[in-house]
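Take a look at the structure set out below.
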Amino acid sequence: MLKRTISFIAILIGLPVMILYAATTGSIEMSMLELLRGLFDGTNDQVAVIKDLRFPRILIAVLAGATLAVSGVLLQAVMKNPLAEPGIIGVSAGAGFFTMVMLSFFPTLFFYSPLFAFLGGALSFLLVYAFSWRSGLNPLRMILIGVAINALFTGLGQVLASSGNSLLSSMSIQTSTLSMKTWSDVEILVIYGGVGLVLAMIFYRYGNHLGMQDKTLRSLGFNVNRARLVLSLIAVLLASVTTAIAGMFTFVGLLIPHIGRALVGADHKYLIPFSALLGAFLILVADTVGRTVLSPIEIPASIIVVIIGGPFLIFVLRRSEKIYGN
């Protein structure tokens, strides 16, 4: 209880501080006081640039981290596998490929790109289930099939990106570079991602129930298949909309749930909101480091996430015996 409280306090303080730091650091630097004063009086041109260019980028990073982390939490509950993650099992790759196809043929429907991404992510997840089901779920088989589906859609996306279409060549779906994001991107991610996050909290009990054996749940009259379907759809929605707007991040949904369980426990009532906050913090840190450490050269945030998260996940797995409720 004490560790959970301290963890929530730390992230609730750390995330706003990181947002302010990211807003005041970069090619245009200023103090937090100057930024706040400029936002209110509207007379500082540099603050106007930060408001139009840097703030959308920061909000996209925060929202992307939250949605991907919660998607990972839900997928791990559904698949009973601590290695389940939208980037690993092909959900993100399928969403990215369908988004690229949509923009190739219907570029004017950009606002609806999350819907096409959702269809691609859902198709990928369905293929994983279809090819891995053999009189029950096998966690290892599902991961292996997911890796194959991920490779398939990633390859198709790369072929499409190299087809000569200038729009697709400049897209950040596969690079996860958060530069040049606009308030329209923020609006799309807030609408679709916000719905997914709210639904995840509404159905958090399903995640707790799925931690039990299927036979036990069925003997208690619990509809296991309905719970898996609901959580799967929410997870696919969260991962797909993020891929369509922010690009592919293949590590957040794996790393954050593990850290969350070590800090706040396996109860999804606390795990989901904490993972959302921690995921937001992680991608925001990664994006801030990526755009400042070698400025003016930018390193994609997804690369920074891997560099930061890989060693830390190894450390967590080696030090903690309570990961994933074990």
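The values are calculated or read from the model by the stated rules, or taken from the named source; none is laboratory data. Values in this document were obtained by computation on a predicted structure and should not be read as measured data. Here the Cβ is made from the backbone with ideal geometry for all residues, glycine too, and neighbour counts use every protein chain on show. What goes into the accessible areas is simple: the full protein's heavy atoms, side chains included, and nothing from ligands, DNA or RNA. Shrake-Rupley method; radii C 1.70, N 1.55, O 1.52, S 1.80 Å.
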Scan region 265-299 residue by residue and report those that are assigned to a loop (DSSP other than H, G, I, E, B) and either open to solvent by less than 30 Å² (accessible area, probe 1.4 Å) or at pLDDT 95 or above (or both).
Gly265
Enumeration of residues in region 300-326 that are aliphatic (A, V, I, L, M), modelled with pLDDT of 80 or more and open to solvent by less than 60 Å² (accessible area, probe 1.4 Å):
Ala301, Ile304, Val305
Enumerate the helices (runs of 4 or more DSSP H) found wholly within region 102-199, keeping only those where 2 or more residues are modelled with pLDDT of 75 or more and open to solvent by less than 20 Å² (accessible area, probe 1.4 Å).
113-132, 139-161
Would you mention how many residues in region 1-32 are closer than 24 Å to Val289 by Cα and at pLDDT 80 or above?
19
Is it the case that Val78 is buried (at least 17 other Cβ atoms within 10 Å of the Cβ), out of contact with any His (no Cβ under 8 Å at 6 or more places or on another chain) and in contact (Cβ under 8 Å) with a residue 60 or more places away in the chain?
yes
Exactly one condition in (1) more than 19 Å from Thr154 (Cβ to Cβ); (2) touching a residue at least 40 places away in the same chain (Cβ under 8 Å) is not met by Leu20; state its number.
(2)
